[in-house]
Amino acid sequence: MEVSAEEQLIGPLLLARGTIDRSSALRGNGQWLERAWQDPTSRVLVIDNGHTLVRRVGDEVRAELYTPAQSPPGERYLLGVENGVAYFAVAAPLPGMPKGDVNGRVTMPMSLRDTPDGQVVPAGLRQVGGLLGDRDAGLLVYAVALEAWHTTHEYCPRCGSRTKVEAGGHIRVCPQDSSQHFPRVDPAVIMLVRDDADRCLLARGPQWPEGRLSILAGFVEPGESLEHAVVREVAEEVGITVANPRYLGSQPWPFPRSLMLGFFTDAVTTTLRPDAEEIAEARWFSREELTAALESGEVRLPPPVSIARRLIETWYGGQLSGDW
């Protein structure tokens, strides 16, 4: 589908910048995996409940990577190869840090930009995904997604037996019935709705505080196309009809396993009738109205790491301030 020049995404989607070759052909090669794990040039990203360690080096933020010998014990997943270097993730407590609880609450600085140069600190993908370079951002989003899936799929859904990790962390196999289970990805559409006056529709869910607004989103249902999901979700959430969904881009959102597929779509009707269970408020904004609301603090937008922010800024025509 073609998109107009003004609908081109502004810059890269920050969680879709991976550079490594995922090397899927090597996952089933046990001898290669063992050699790579013994190789001191291989590098390991330690992941604990969605968090890893990062280090500020001047104006850069880098993921803290270890040799296999330095890595703590834990389930390990092959992330891929780049320039002859194999990259793994290990699910384990962060070196030198307390184990995070089930909600991932570990002590993190308010701003990585304010941490002393060279200091190692724990960070989550939402906080650090937009600050890392392309390689490290890709490694972290991949590791977070794999860890989240393995954590919730330890047992066979057929017989309840504990499954084993195989294929470099990309399959779990049941030892009782030999069934294979693969990491899940849940497609979700996220759409910026515009009306004939080129206003943008923003809304918030009941669980969000006042002022925190974003665009509409929802999961794709079985047997449904992406375009049909866009039309259905908008109708269900705010009671308006939309047409002409136009795909703009996608990025992973591993919280825990979504793939966000971004669309623009045009409003055919504009009278909003929000579903109270899903939407606490929904409002149309012109560019001038959104600028004023952001400057006053009345409205806060999703962070730059999200595809929602990219779609809003694409409609707006430039970067905006004021995020969650």
Inset, instruction - Check whether at least one residue in segment 121-135 is more than 16 Å from residue 253 (Cα to Cα), free of Cβ contacts under 8 Å to residues at least 40 places away in the same chain and not in a helix (DSSP H, G or I), and report yes or no. - result: no
Legend entry - Answer from 43, 22, 27 - the residue that is surrounded by 16 or more Cβ atoms within 10 Å (Cβ to Cβ), touching a His at 6+ places or on another chain (Cβ under 7 Å) and at pLDDT 95 or above: 27
Inset, instruction - Run down 294, 259, 320, 311 and say which single residue is surrounded by fewer than 21 Cβ atoms within 10 Å (Cβ to Cβ) and closer than 14 Å to residue 217 by Cα. - result: 259
Inset, instruction - Tell me the strands (runs of 3 or more DSSP E) entirely within segment 146-209 that contain at least 1 residues that are modelled with pLDDT of 95 or more and over 30 Å from residue 316 (Cα atoms). - result: 164-166, 171-173
Inset, instruction - Please identify the pairs in which a residue from segment 243-261 that is farther than 19 Å from residue 126 by Cβ has its Cβ atom under 8 Å from the Cβ atom of a residue that is assigned to a strand (DSSP E or B) and among the polar types (S, T, N, Q), counting only partners at least 6 apart or on another chain. - result: 243/265; 244/265; 245/265; 246/265; 261/250
Inset, instruction - Name the one entry in 81, 57 that is in contact with a strand residue (DSSP E or B) (Cβ under 9 Å, 6 or more places away or on another chain), farther than 11 Å from residue 139 by Cβ and β-branched (Val, Ile, Thr). - result: 81
Legend entry - Top-ranked residue in segment 54-100 [being part of a loop (DSSP other than H, G, I, E, B) and of a type in the set (A, V, I, L, M); ranked as nearest to residue 36 (Cα to Cα)]: 69
Inset, instruction - Have a look at 138, 160, 133 and point out the one that is surrounded by fewer than 22 Cβ atoms within 10 Å (Cβ to Cβ) and closer than 24 Å to residue 56 by Cα. - result: 133
Inset, instruction - Test residue 221 against the criterion of being of a type in the set (Asp, Glu), under 22 Å from the mean Cα position of the chain (by Cα), assigned to a loop (DSSP other than H, G, I, E, B) and surrounded by fewer than 17 Cβ atoms within 10 Å (Cβ to Cβ), and give yes or no. - result: yes
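The values are calculated or read from the model by the stated rules, or taken from the named source; none is laboratory data. Quick caveat: nothing in here was measured; it's all calculated off a predicted structure. Please note: Cβ atoms are built from the backbone with ideal geometry, for glycine as well, and neighbour counts cover all protein chains shown.
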